Amino acid sequence: MARAPEKGPAGEPEGEAAAAAATVVQIRLGERSFAVCKRKLLEQSDYFGALYRSGMREAAAGAAGGPEVQQLRGGLSAAGLELVLDFISTASLGRLEGAGEGEAALLEALVEAASFLQVTPLLRRLRSQVRLANCLPLRRLAHHYGLPELEEACLRFMAARFHQVLRRPEARPPLLLPAALRPQLRERRLRGAAALLALGSFAGGGAPEDAPCAMLRYDEGARRWLPLPGQLPADLANVRGSGAAVLDNYLFIVGGYRLTTSQAIAAAHCYNPCLNEWSAAASMNQKRSNFKLLAVGGKLYAIGGQSLSNVECYSPEHDWWNFVAPLPSPLAEFSACECKGKIYVMGGYTARDRNLKILQYCPTSDNWTNLELCDVHIRKQQMLSVEETIYIVGGCIHELGSNQKSSQNEDMLTVQSYNTATGEWLCLKENTSKSGLNLTCALHNDGIYILSRDVTLSTSLEHRVFLKYNIFSDSWESLRNLPTFGQNMLVCSMYLPNLI
């Protein structure tokens, strides 16, 4: 019984496959002709593989003893075909990578030709070639030609570098970054589980022995702090009084003053957890310390500061700061937060008296409004918001009309709430044994996580306290295994997609 011949590439009999390995095919497009190894062509192009397997060969014999000729019809560009055949021959995209400013045009021709000829290895290689310079046009081409894996690679790259992508010239509407794509990229930066981070200068003791840096994340299941790789920027080592805020899952640390000179600074640093890297952002126009930095409507607002009333707004799309409407007057020891797209400022002191006003800033109208007067005076508090409710954490509280001097009872870890819709104030559960000063806190999942200090009255010794206030059950929980920090503490909640 005759044995069937073994099959080679593209289903050819083995003898034909061997011949194909040494055979050159001429691919003709219009007036141009390109030589390519037949074996490599059949291995990498599903289009030509299917053509040869089906027997529907659009081929013509060449001149006597010349190579086989394949005629391509359609709207392919010669430049795109040349790039594809060059990749098939060399497994390299060197010509594309060295194209410089002409890369966008070549990229379009390449993707068109690779899609038409179904050169899967090339399309797969493109997923690793995504860069800032080509991510926007490459995503558009992937979407246009129905290449979901390539489009996903572009979207992952762009989400991880969202602010850098926004600054690309081709990202300006109505060019290559559609309006609907921006919220999609923001949403991608928030995928996975949120993590509680602590940043600061370790003073020894409770920090993990193998911690290589001053960045930790809290493992809520194991109730312990774990080190994150990387270092804080060296410029932050001797800086206090900075403003910090999370915008689009980037952590910004801005301004402050240097311990060595006591001089305010305007520098800004940005941590991107998607890449686990720090970078410099544009410096503020005004040097400031002991101010509030808030994320509102896709921008940052630097509010006030030592003897300052001016306010600056940072646009991540342009990486610049510009002044907006100032506070009615300079404030000290005040606090602020964002709530429902607006900024609320409470407490502290004016140049002459206690500040009892609740100030509201509307970014749309660029205007400050005096809402109402507080029944108590608060200073050095922290503020956070959930929906229309503002939570006021810690600080020193003074009853109006009280002639009493400051007492230890004023320095308690309390939580109050203010409903911006109804104007209702609620005094929530106190933690009378803890200090409400020198704390840092963050809203994380179902509670407010607080790093504070506690004083043992008999010895006057301080130690750090890690607490959780549950906003739903109005209850306190004392947590253990916290690191011992110096004075420069910061707690925030972020998404760490590549680190957890």
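One chain, two ends: Asn470 and Glu424. Fully extended at 0.36 nm per residue, the span grows by 14.6 nm beyond their Cα-Cα distance. Taking packing as the residue-averaged number of other Cβ atoms within 10 angstrom, the listed peptides 86-93, 344-351 run from highest to lowest as 344-351, 86-93. Ranked by the mean number of other Cβ atoms within 10 Å of their residues, highest first, the peptides 378-385, 278-285, 444-451 fall in the order 378-385, 444-451, 278-285.
Pairs of Cα atoms nearer than 8 Å and 6+ residues apart set the relative contact order; for the stretch 131-189 it is 36 percent.
Ranked by the mean number of other Cβ atoms within 10 Å of their residues, highest first, the peptides 488-494, 122-128, 142-148 come out as 488-494, 122-128, 142-148. Remark: the stretch 289-302, residue by residue, has Karplus-estimated 3J(HN,Hα) of 9, 6, 10, 10, 10, 10, 9, 9, x, x, 9, 10, 10, 9 Hz, where x stands for each Gly or Pro and the curve is 6.51 cos²θ - 1.76 cosθ + 1.60 at θ = phi - 60°.
Work from the charge dipole of the stretch 131-189 (Cβ charges, +1 for Lys and Arg, -1 for Asp and Glu, about the Cα centre) and give the residue of His163, Ala180, Ala142 farthest towards its positive end. Of the candidates, His163 comes out farthest on the positive side. Diffusion coefficient (Stokes-Einstein, Kirkwood radius over C-alpha pairs, 37 °C, 0.692 mPa s) for the stretch 131-189: 293 µm²/s, rounded to a whole number. Measuring r between the beta carbons of Gln306 and Arg95 and using R0 = 60 Å, the FRET efficiency lands at 0.55. Near Ala78, once Lys and Arg are set to +1 and Asp and Glu to -1 for all other residues with Cβ below 15 Å from its Cβ, the sum equals -1. For an R0 of 35 angstrom, estimate the FRET efficiency from the Cβ-Cβ distance between Asn367 and Leu275 and round to the nearest 0.05. FRET efficiency, Asn367 to Leu275: 0.40.
Estimated from the Cβ-Cβ distance and a Förster radius of 35 angstrom, the FRET efficiency linking Thr261 and Asp353 is about 0.65. Spin-label model, Ser329 to Val386: label points 7 Å out along the Cα-to-beta-carbon direction sit 3.5 nm apart. Per Stokes-Einstein, at 10 °C and 1.306 mPa s, what whole-number D in µm² s⁻¹ belongs to the stretch 242-391, with the Kirkwood radius over Cα pairs as the hydrodynamic radius? Once the numbers are plugged in, D ends up at 101 µm²/s.
Only the coordinates and a few stated rules stand behind these numbers; no lab work does. Keep in mind that this is a model prediction, so the values were computed, not measured. Heads up, the Cβs are rebuilt from the backbone with ideal geometry, glycines too, and the neighbour counts pull from every protein chain shown.
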